[in-house]
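Following: one structure in structure tokens, then a few remarks.
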Amino acid sequence: MAIIGRVLGLAFDAVLVSTVLAGVRRTSGFAPDSNLISDTTMRSVAERFLGVGESVFDVVQATAVNSAYFRRSST
């Protein structure tokens with residue numbers, strides 16, 4: 001059972017890192033260059049990893065937009 005908890009914890013951490021990278025890409029325009037990965041399988045894994053972060057970021061952003069607890073700042 002401890003192994004499952006560790007795997008889930010690592011997966012959650014990976015999703016958080018991917019989501020932060022998606023936020024950095026959207027706010028600054030800088031993104032990891034997956035073309036530098038020569039192995040096509042690893043490049044595909046990296047692109048899927050980043051895609052998960054994009055999806056999570058979209059959900060968080062939509063939730064914040066439709067929530068009464070957040071408002072758009074004027075700055």
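The values are calculated or read from the model by the stated rules, or taken from the named source; none is laboratory data. Note that the structure is predicted; figures quoted are calculated from it, not measured. Backbone-built Cβ (ideal geometry, glycine too); neighbour counts: all protein chains shown.
Points to keep in mind about this one:
- Matching residues, the stretch 41-62, being among the polar types (S, T, N, Q) and modelled with pLDDT under 95: Gln61
- Taking the criterion of being surrounded by fewer than 10 Cβ atoms within 10 Å (Cβ to Cβ) and either aromatic (Phe, Trp, Tyr) or not in a loop (DSSP other than H, G, I, E, B) (or both), the residues of the stretch 31-42 that qualify are Asn35, Leu36, Thr40, Thr41.
- Residue within the stretch 14-23 that is surrounded by 12 or more Cβ atoms within 10 Å (Cβ to Cβ), outside any helix (DSSP H, G or I) and touching a helix residue (DSSP H, G or I) at 6+ places or on another chain (Cβ under 6 Å) present: no
- Residues that are free of Cβ contacts under 8 Å to residues at least 40 places away in the same chain, out of contact with any helix residue (DSSP H, G or I) (no Cβ under 7 Å at 6 or more places or on another chain) and among the hydrophobic types (A, V, I, L, M, F, W, C), drawn from the stretch 47-70: Val59, Ala62, Ala64, Val65, Ala68
- Single residue of Ser34, Ser44, Ser38, Ser73 found to be more than 12 Å from the chain's Cα centre (by Cα) and either touching a residue at least 12 places away in the same chain (Cβ under 8 Å) or at positive phi (or both): Ser34
- Test: Arg26 is at pLDDT 95 or above and either small (Gly, Ala, Ser) or surrounded by 10 or more Cβ atoms within 10 Å (Cβ to Cβ) (or both): no
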